[in-house]
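Structure, as structure tokens:
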Amino acid sequence: SGHSDSVSAGFINNKSTNGGAGIYALSSDLIINGQQESLESPVYGDFSEPVLFKGNRSDTDDNGIGAGAALNIVASTAVIQGIWIDDNKATLSSLEESNRGSALYAHFGSIVTISRDETQVCWREGLCNLITNNVHVPIYVQRPPTNVSISDTEFTLNTADQTALIWVRNAVGFDNGDGPFLTFENNLVHNNISTSVGLLKTDSANTHCCHIEININNNTISNNQFVSEIFDINDDVTFNMHSNIVYE
């Protein structure tokens, strides 16, 4: 479901008083495939067009409940490839849950993988996934043992008042073992804007409860604009970073 002209097909301009104006997945197995699954009959999928999420808005009643405008993944497993998430927006409300995860909110132990099938052609010649022009913390990962892996994705022109890319957070009252976990590999991150932390913010609300682990490998991070640190890593976090370019 989608089209690379960003207009004619996809999950477009949906609105929700809660989160997940595009998709809200609860205790589910979710497959979002913008690549062709099989070269033999029957053929599933289309390698020439992405799965498009554009212009979706969460928390339209502005009551502060509604993170995850495009994708809200709750206690679920999600495999995502060949996707374009563009111009989605969480509310401007200052309440805790509201202005986060305009592209993806993964929580309550969800396992989410954004990547590409290397055996199949993708709709883009370069990186297979595109996350662009979203407003308010594109990726929000919360509550152990949530595990998110993102690769082969370009992030550009996203804006936020907390962090221009990813927020990883524990939450009071959810002591379910270690986590959340984040793996971020083989991505391009450029020209994103934040009025606070640059690209990654962590919070450990349950002090010494749940150990967050973050791995940042083989990425190019360039020409982003922000006020504070590039990476804000607090207590109870293991932060590994290898073979990246971080420039200007």
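Roughly speaking, what is the stretch gain from E213 to V121, that is 0.36 nm per residue apart minus the C-alpha to C-alpha distance, in nm to one decimal?
29.9 nm
Taking the Cα-to-Cβ direction at L157 and at V79 and moving 7 Å from each Cα, how far apart do the two end points lie in nm?
3.2
Using R₀ = 25 Å, calculate the FRET efficiency as 1/(1 + (r/R₀)^6) where r is the Cβ-Cβ separation of T183 and V227; round to 0.05.
Calculated value: 0.40.
Can you pull out the chymotrypsin sites (Phe, Trp or Tyr not before Pro) in segment 1-76 that DSSP calls coil and that have at most 12 other Cβ atoms within 10 Å?
Those satisfying the criteria are Y44.
Under the rule a/c < 1.5 gives rounded, and otherwise a/b versus b/c splits prolate from oblate, where does the chain land using the Cα gyration tensor?
On the way: a/c = 1.41, a/b = 1.28, b/c = 1.09.
It comes out rounded by the Cα gyration axes.
Counting Lys +1, Arg +1, Asp -1, Glu -1, what net charge surrounds H190 among other residues with beta carbon under 12 Å of its beta carbon? Display every interim value, and only then the final one.
Values: positive: none; negative: E154, E248.
Around H190, the charge tally is -2.
On a full-extension model of 0.36 nm per residue, what is the gain between T60 and S28, subtracting their alpha-carbon distance, rounded to one decimal in nm?
9.0 nm
In whole percent, and with a 1.4 Å probe on the protein chains, what portion of the accessible area of the chain is carbon and sulfur?
On the way: 5000 of 10220 Å².
After summing per-atom areas, the C and S share lands at 49 percent.
Mind ranking 213-223, 181-191 by how tightly packed they are, going by the mean number of other C-beta atoms within 10 angstrom, highest first?
Answer by packing, highest mean first, reads 181-191, 213-223.
How much accessible area per residue does the chain have, in Å², with a 1.4 Å probe?
41
How much length is gained on full extension from T220 to Y247, taking 0.36 nm per residue of separation minus their Cα-Cα distance?
Details: separation 27, 0.36 × 27 = 9.72 nm, distance 0.81 nm.
That works out to 8.9 nm of additional length.
Rank these by accessible area, largest first, 1.4 Å probe: V112, V79, V227.
V227, V79, V112
Suppose every K and R has +1 on its Cβ and every D and E has -1 on its Cβ; what is the size of the dipole of the chain about the Cα centre, in Debye to the nearest 20? Don't skip to the end; give the middle numbers.
Working: 10 positive and 29 negative charges, 76 e Å.
Here the size comes out at about 360 debye.
The values are calculated or read from the model by the stated rules, or taken from the named source; none is laboratory data. Everything numeric here is computed off the predicted structure, so don't read it as measured data. Every residue, glycine as well, gets a Cβ built from its backbone with ideal geometry; the counts of neighbours run over all protein chains shown. All accessible areas refer to the heavy atoms of the entire protein, side chains included, with ligands and DNA or RNA removed. Shrake-Rupley method; radii C 1.70, N 1.55, O 1.52, S 1.80 Å.
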